[in-house]
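In what follows, a structure is listed as structure tokens, so that the remarks can point back to it.
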Amino acid sequence: MSLISEILNYNEQFVAKEEYKEFLTTKFPDKKMVVLTCMDARLVELLPKAMNLHNGDAKIIKNAGAIVSHPFGSIMRSIIVAVYELDADEVFVIGHYDCGMTGLNSDKVIASAKKRGISDDVITTLGHSGIDLSSWLTGFDHAREGIEKSVNIIRNHPLLPKNLPVHGLIIDPQTGRLDLIEDGYKDAE
Ligand SMILES: [Zn+2]
């Protein structure tokens, strides 16, 4: 059975048995928080359980590495919507040890794309169009560095209030232990 059929079959049962009932809540986060974290598969259940977050508690935004790469990109827009439209009062940037974005090498990614049939011409044309693939496909040296950068962009964003606490943490993807890197209460004015 294909993955999509497996999922749709399961889903039919899930809805028929009304298993959704225990998850009913609203779009407003009960704990008034927005979390930006990594898409790492180990964090799917571990991160909310390790933080005691249940359905309805938080807005959770995910991408590779919990990185805010542009102050006016979709991650930053999501944070702004969470704050102004959905009543989030605190921001948590949560990276993790052993992140795939640590030491991500753009040459390696481009080589893999080429192996899958992307031509040299496409890579060259993108370069000529002003797209800097090597910096776009580069992660960070340490999880801590990635978190500090993202926290800084959020804290200094011209559309966010100065008194908005922005915390930075690193989670251990094995044990769920959280290390506080940036205490958002200290820097919020
Ligand atoms: Zn990661």
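The values are calculated or read from the model by the stated rules, or taken from the named source; none is laboratory data. Remember, predicted model here, so these are calculated numbers, not experimental data. Ligands, DNA and RNA are excluded from the accessible area calculation, which covers all protein heavy atoms including side chains. Shrake-Rupley method; radii C 1.70, N 1.55, O 1.52, S 1.80 Å.
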Using protein chains only and a probe of 1.4 angstrom, how many square angstrom of residue 123 are accessible, to the nearest 10?
40 Å²
The chain: equivalent-ellipsoid semi-axes (sqrt of 5 x gyration tensor eigenvalues, Cα, Å)
29, 26, 17
From the phi of every residue in the range 20-35, what ³J(HN,Hα) in whole Hz does the Karplus formula 6.51 cos²θ - 1.76 cosθ + 1.60 yield, where θ is phi - 60° and glycine or proline is x?
6, 4, 6, 9, 4, 6, 10, 7, 7, x, 4, 8, 6, 9, 10, 10
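So, with a 1.4 angstrom probe, what is the percent of accessible area on the chain that is carbon and sulfur? List each step's numbers first, then the result.
Numbers: 6450 of 11830 Å².
Carbon plus sulfur share of accessible area: 55 percent.
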Accessible area in square angstrom per residue, the chain, 1.4 angstrom probe
63 Å²
